[in-house]
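> Have a look at this one before I ask anything.
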Amino acid sequence: MKHPIISKKSLFLMIFLIFLIGIYFLFFGLPWKSIASKKQFESYLENKYQIEFKLKKMDFDFMHRTYLTYAYPVSDPTLVFYVGQDIENKEIHDLYKYELDKRKAGAK
């Protein structure tokens, strides 16, 4: 009688692990894509506004398959604003000017 290279139990466990990893990637995105998007967001902001920004934790919107985060200027950590990808064309957009204008107008 031949012994199988991989037992049924091991095969089931491997398929289950692959399934779990797939579910994780579906809901939380790819870790390397998150890192790349964070670098892309940071360079986008610094090139657009010519000041240094700090980004918070990256999030993944699994409904629209986009990445987003919140950022603030290094010189003013209280001015937190949204940075993310457009859901239609994946282009980066931010609300820095909006939050800055809102602050200047005296609104919270």
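Please treat every number below as a calculation from the coordinates, not as lab data. Not measured: the values here are computed from a predicted model. All Cβ positions, glycine included, derive from the backbone under ideal geometry; neighbour counts span all protein chains shown.
> Compute the acute angle (0 to 90°) between the alpha-carbon long axis of helix 96-105 and the principal axis of greatest extent of the alpha-carbon atoms of the chain; round to the nearest 10°.
40 degrees
> Once fully extended, how much extra length lies between residue 25 and residue 13, figured as 0.36 nm per residue of separation less the alpha-carbon to alpha-carbon distance?
Details: separation 12, 0.36 × 12 = 4.32 nm, distance 1.84 nm.
Using 0.36 nm per residue and subtracting the Cα-Cα distance, I get 2.5 nm.
> Let me ask something else. List, in order, the whole-Hz ³J(HN,Hα) value for each residue of the stretch 44-56 obtained from phi through the Karplus relation with A = 6.51, B = -1.76, C = 1.60 and θ = phi - 60°; use x for Gly and Pro.
Couplings: 4, 5, 5, 6, 6, 10, 6, 9, 8, 10, 10, 9, 8 Hz.
> Another question about this same structure. So if I average 1/r over every pair of distinct C-alpha atoms in the chain and take the inverse, what Kirkwood radius in Å does that give?
Over the chain, the inverse of the mean reciprocal pair distance is 16.5 Å.
> Here's something else I'd like to know. So for the chain, averaging the separation of alpha carbon pairs under 8 Å that are six or more residues apart and normalising by length, what relative contact order in percent results?
16 percent
> Right, here's the next one. Working from Cα positions, state the angle (0 to 90°, nearest 10) between the long axis of helix 8-28 and the longest principal axis of the chain.
10 degrees
> Next question, about the same structure. Choose one of 23, 79, 35: the residue whose Cα lies farthest towards the positive end of the charge dipole of the chain (beta-carbon charges +1 Lys, Arg; -1 Asp, Glu; about the Cα centre).
Toward the positive end, the furthest listed residue is 23.
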